[in-house]
């Protein structure tokens, strides 16, 4: 989905094609790596215990880390995988003994290497390299939208990165399906920090434990309109079946590893589809407002200004009928609505210039010349 600046919706080169086939369009590619190899870790381990960058002669070896990054990009490029953006460390603030992590603190100390110094080293190494295509850098890509974003930003040189990026695992209420509006203050603070730094924002990973259709769309809507993100990447695209009684974790559930395995398109997929299916690369988010607070809206215009896509959410427990005024004339108007137990991004009539929005429903209005 696109907002304010043309950017990325998909998280990897592989899922771009899948997203396009399923209707959640992606344009650019992001390369994000969970940690450097064991020989560059302070504990020589990829997982199992907390670790940071290797020390050489008493100092963190940022230069060797940067060299590894340049060589990695070159190796991927040689195989035809050319990233548009890279993130030097996924969630530098997070540790889990079962996952591959590498701790990089907001500032270097005796325990951990500093993210900003690692960022400077990688940025300088890429700039001076012989790489034919030099990717832009996003960061810090920490675990949430709380003030950790600002703490990292305080030690990041604006010349060393292109996009402010973060996840959404904190910054609002906790829980398996957190209330989207609880993130409003954190999102506003990140928006202000990004504006002061002169950088666009990517939300590069989020999926709660038990996501609901409406809250998934609501969180995307808030990220777009409150925070002003240029990209929103849902964490789980294609996922294994959930445990008995648990909610599906991904947009799509696949029964097995075989490509011919049966799959199920989950409700969260349709939440993403309402934003991504009817916008394209280089579309820009424009102002949209509703006279009823419970009806949330966002709008996107095509590069030539001829087409407009409007996404509407009824967060209320009662139906609202919405009339849309764009100030422009369009030859064709189509509405796709998701509501109730069975209606999923289905084409519905646009009668008398009004859209019935049942309680907890989503609609995308597509206006074309």
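The values are calculated or read from the model by the stated rules, or taken from the named source; none is laboratory data. Model, not experiment: these values are computed from the prediction. So basically every Cβ, Gly included, is an ideal-geometry build from the backbone, and we count neighbours across all protein chains shown.
Tabulated data for the structure shown
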read-out	value
Residue check, residue 147 over 16 Å from the mean Cα position of the chain (by Cα), at pLDDT below 95 and over 20 Å from residue 127 (Cβ atoms)	yes
Filter result for the condition that a residue is closer than 22 Å to residue 144 by Cβ, touching a helix residue (DSSP H, G or I) at 6+ places or on another chain (Cβ under 8 Å) and assigned by TED's automatic domain parsing to the domain that holds residue 148, over 120, 109, 105	105
So residue 127, is it over 17 Å from residue 103 (Cα atoms) and either free of Cβ contacts under 8 Å to residues at least 40 places away in the same chain or crowded, with 19+ Cβ neighbours inside 10 Å (or both)	yes
Filtered residues of the range 207-221 (kept if surrounded by 23 or more Cβ atoms within 10 Å (Cβ to Cβ) and either outside any loop (DSSP other than H, G, I, E, B) or under 15 Å from the mean Cα position of the chain (by Cα) (or both))	216, 217, 219, 220, 221
Criterion: outside the structural domain of residue 181 (by TED's automatic domain parsing) and closer than 25 Å to residue 231 by Cβ - qualifying residue of 300, 330	300
Residue selected from the range 95-118 under the condition surrounded by fewer than 17 Cβ atoms within 10 Å (Cβ to Cβ) and modelled with pLDDT of 95 or more, by the criterion nearest to residue 152 (Cα to Cα)	107
Options 228, 139: the member that is surrounded by 21 or more Cβ atoms within 10 Å (Cβ to Cβ) and in the same structural domain as residue 270 (by TED's automatic domain parsing)	139
Subset of the range 249-259 [part of a loop (DSSP other than H, G, I, E, B) and free of Cβ contacts under 8 Å to residues at least 24 places away in the same chain]	255, 256, 257, 258, 259
Members of the range 324-353 that are exposed (fewer than 11 other Cβ atoms within 10 Å of the Cβ), under 19 Å from residue 297 (Cβ atoms) and under 30 Å from the mean Cα position of the chain (by Cα)	325
Qualifying residue in the range 342-350 (condition: farther than 19 Å from residue 212 by Cα and outside any strand (DSSP E or B))	yes
Options 268, 279, 264: the member that is crowded, with 23+ Cβ neighbours inside 10 Å and not in a loop (DSSP other than H, G, I, E, B)	268
Selection from the range 222-242 of residues that are part of a helix (DSSP H, G or I) and in contact with a strand residue (DSSP E or B) (Cβ under 9 Å, 6 or more places away or on another chain)	222, 223, 224, 225, 227
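The rows are residues; the columns are (1) touching a helix residue (DSSP H, G or I) at 6+ places or on another chain (Cβ under 9 Å); (2) surrounded by 20 or more Cβ atoms within 10 Å (Cβ to Cβ).
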| residue | (1), (2) |
| --- | --- |
| 47 | no, no |
| 52 | no, yes |
| 58 | no, no |
| 61 | yes, yes |
| 64 | yes, no |
| 69 | yes, yes |
| 73 | yes, yes |
| 85 | no, yes |
| 91 | no, yes |
